[in-house]
Amino acid sequence: MADVLNLFQRPKTFGHGIHPVEHKELTAGQPIRRLPFAPELIIPLSQHKGRPAIPVVKVGQEVVRGEPIAQADGFVSVPMHAPATGVIRAIGLAPTAEGPKTPAIFLKVYHAASQQVLYGLDCEPERMNAKNLIHAVQDAGLVGLGGGAFPSHVKMKPPGRRIIETLVVNGCECEPYLTCDHRIMLEHTDALMRGIRIALRATRAERAIIGIEDNKPDALAHLRARLPAHLPITVEAVKTKYPQGAEKMLIKSLLGLEIPPGGLTADVGVAVYNVGTLAQMGDLLPKGRGLIERVVTVSGPLVERPGNFMVPIGTPLRFLLKQVGLHGAIGQVILGGPMMGMSVASLDVPVTKPVSGVLVMEREESSQKDLRVYPCIKCGECLNACPMSLNPSLLGELALVRDYATMAGQHHLDHCFECGCCAYVCPSNIPLTQYFRIAKSINRDRKG
Amino acid sequence: MVKDIEIRSSPHLKRKMTVDRIMRSVVLALMPISAFAVWQFGLSALLLLVTTTGVAVLTEWFFARQSGQGNTIGDWSAVITGLLLGLTLPPGFPLWMAAVAAFVAIALGKALFGGLGYNVMNPALVGRAFVQAAFPVAITTWTPAFAPGRFVELIPSTLTLPFMQPVPVADWVAGLNLDGWTGATPLAMQKFQHLEAPLTDAFTGLIAGSAGETSALLILLCGLWLAWRRMLDWRIPVSVLAGAALTALPFWLLDPHLYPSPGFVLCSGGLMLAAWFMASDMVASPVTAKGAILYGLFIGVLTVVIRLFGGLPEGVMYAILLGNAVGPLISSWTQPRVYGSK
């Protein structure tokens, strides 16, 4: 009977958006597995938004798995912890997905190092007040694991007089291929509930809403069955549509609220946390530990054994891909999802805190895409796709004549969060999102 | 393991829908309409369509080459222009005049503005407007549908020598011995003699008219197929037809003898073909969803106003050209409300 009623209940959603092929079946049924340690881990000091961490170890020093190796530099920063037992080989420059090399700690892992975490502090989150909880979250090195990498504790203490009323727990996972959050909801349910409880207390929010796309009915049912009785937590199905997991879209879908231009989620009384972040919070805080590993979906057309893996932070991609096996000539390796993820220039790039997926894609010429760029035919598909209701067609024409100032000044370029919907739908193959990224970066340079 | 790794900027996925695929589908949707035109009007209609399409493609090829765009025939848009133009001409239209129309359509209607994506107006209608002004007699000379022997002989005017006026077809038509043939289209008969053709005939297309405009039913089916495949914005044809029917309704209620019924308005003349295949031209119509509706209503209303009060029996061509002209303005009026703004 309940199923029949559900047929008439339309899942909540936002306007516009797209429906790319999901490819989630490759890994959705794969339980999270552990991998051996790579011989050397590379831990960049800046894996988050804000100031880079400051190393507290010296070259040649031995560290145990879980021990802090770098401390936060101020409030908008987080510490780093040793993902494995070993010795600090060097502190120097390491390649990153973004391009320029950045300072990192190189950790030589001991042979047969144990997966057991040997470090922890006494910590009782149940007895801590909000202020101490926020400190504890920072000490755990937690950042947005959905890809945002914004330090989690900062969102708990919004600037000014803003207060958090609602905690939105993001279990959408709208990017194609990725299933790590799906597996976390199924397998780490207790930790997730503990994390929500901690976040509720730290933010002083009145309620929490878990939003999950309706393509994951098993996760929806599982979480509904496991909701703690005495806590104000609800589970809501939202429509399967990209970019449902973008916080602006999810807030619109669940609460009908829109964040003002240039504003924060706290402006509408909301803090959004990814399920992976909260599951780590619920797991780490009671043990007084720091973030040293995360769940990563390794998938894509060229991966032989795609799956979900608990990967130590700092594991080089080369090592990770050797574990899953590849066939065919590698085209691109993408960190994150295929819509917003970044393609890397080197396989020496390590897995960092915000990396939710590692996707190996075919070479361009073998992907059978028609890549010829036609002029814009004003079909309007991009306007119907843009979740921010911008006019990508017009912005694209302005980008062609390099009128970046007008794009920002009159046509809301700064609202674009580069979800990629416009470029995805464009029948003329115009790289709209890519144009906008360039335009924004040029505008930033001119301002700065 | 890796020699060179490709680096691209996101998004890394692309929908499998390209301009040439959309254009090919439009051509495919026009095929049944073209086939019906040939079945109805015979060899002359076939030669007419081949001429307009061929000349349009050749003109496209020439100008794209001249302007350094390379070969743009592969996007199939010139084929659409040629086919649509041919479908809007009288079946016995002299071929040399049709060739002029096709050349003007592509050269003045499209290449002059920079080719695909930059034309302000629908190129096929630019071509037709040109010959409407240049050859007013030939473009209003109609021949009967289903003439016997239409697959073995041509309508005499078809093969008129270049720069010559067409031979009158009245004698040829008289020789066919068709009952009740007056040489006028149902639209003209309604306008000037207030005789309305049976609606079923206009709907199925068993009447005289331009080569491809007669069967409202067939055009509707082909248009719906395109809209279903999401290659045509349904808002435009629906609002054109709604605008036309709603404008015609009060007049018809006032005086059903003088004014045409809304049903007749929708099924007669070139309205159906124009609504589905010409007003909906993506390049020349507003890009916003609200704008598409306004634009469609504007065309529908204007078509009926010209039909009822203008000097011509048909007004959809000028209505669309004017609609194209105000399209950019409508677009700028109807910019979507940006997320987060008031």
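The values are calculated or read from the model by the stated rules, or taken from the named source; none is laboratory data. If you're wondering where the values come from, they're calculated on a predicted model, not measured in any experiment. No Cβ is skipped: glycine too gets one built from the backbone with ideal geometry, and neighbour counts run over all protein chains shown.
Listed values, structure above:
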item	result
Residue within the range A:428-445 that is at pLDDT below 95, out of contact with any strand residue (DSSP E or B) (no Cβ under 9 Å at 6 or more places or on another chain), over 30 Å from A:L257 (Cβ atoms) and among the acidic types (D, E) present	yes
Check on B:F41, surrounded by 24 or more Cβ atoms within 10 Å (Cβ to Cβ), aromatic (F, W, Y) and within 20 Å of the chain's Cα centre (by Cα)	yes
Tally, over the range B:88-122, of residues that are among the small types (G, A, S) and under 21 Å from B:A319 (Cβ atoms)	3
Qualifying residue in the range A:68-75 (condition: part of a strand (DSSP E or B), in the same structural domain as A:F319 (by TED's automatic domain parsing), in contact (Cβ under 8 Å) with a residue 24 or more places away in the chain and within 20 Å of A:T277 (Cβ to Cβ))	yes
Odd one out for A:M342, checked against (1) free of Cβ contacts under 8 Å to residues at least 40 places away in the same chain; (2) among the aliphatic types (A, V, I, L, M); (3) in contact with a Leu (Cβ under 6 Å, 6 or more places away or on another chain); (4) in the same structural domain as A:K101 (by TED's automatic domain parsing)	(1)
From the options B:S215, B:S285, B:S268, residue that is crowded, with 24+ Cβ neighbours inside 10 Å and either within 14 Å of chain A (Cβ to nearest Cβ) or of a type in the set (V, I, T) (or both)	B:S285
Single match in A:K248, A:K216, A:K239 (criterion: in the same structural domain as A:I163 (by TED's automatic domain parsing), more than 26 Å from A:V154 (Cβ to Cβ), within 19 Å of the chain's Cα centre (by Cα) and of a type outside the set (F, W, Y))	A:K216
Condition met for A:H48 (assigned to a loop (DSSP other than H, G, I, E, B) and crowded, with 19+ Cβ neighbours inside 10 Å)	yes
Residue count, the range A:85-105 (criterion: out of contact with any Ser or Thr (no Cβ under 8 Å at 6 or more places or on another chain) and farther than 14 Å from A:S346 by Cα)	9
Positions within the range B:311-342 being under 30 Å from B:W142 (Cβ atoms) and within 12 Å of chain A (Cβ to nearest Cβ), in sequence order	B:N324
Single match in B:G92, B:G74, B:G68 (criterion: at positive phi and modelled with pLDDT under 95)	B:G68
Which numbered condition A:I313 misses (of (1) over 15 Å from the mean Cα position of the chain (by Cα); (2) of a type in the set (V, I, T); (3) more than 12 Å from chain B (Cβ to nearest Cβ))	(1)
A:V324 surrounded by fewer than 23 Cβ atoms within 10 Å (Cβ to Cβ), more than 10 Å from every other protein chain (Cβ to nearest Cβ), over 16 Å from A:N429 (Cα atoms) and of a type outside the set (D, E, K, R)	yes
Top-ranked residue of the range A:404-448 - restricted to ones that are at the interface with chain B (Cβ under 10 Å from one of its Cβ atoms) and of a type in the set (D, E, K, R), ranked as surrounded by the fewest Cβ atoms within 10 Å (Cβ to Cβ)	A:R437
Selection within the range B:1-39 - outside any loop (DSSP other than H, G, I, E, B) and either facing chain A (nearest Cβ under 8 Å) or modelled with pLDDT under 90 (or both)	B:V19, B:D20, B:R21, B:I22
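Conditions (1) touching a His at 6+ places or on another chain (Cβ under 6 Å); (2) hydroxyl-bearing (S, T, Y); (3) part of a loop (DSSP other than H, G, I, E, B), marked per residue:
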site	(1), (2), (3)
B:N119	no, no, yes
B:R128	no, no, no
B:A133	no, no, no
B:E153	no, no, yes
B:S157	no, yes, no
B:V173	no, no, no
B:L178	no, no, yes
B:A184	no, no, yes
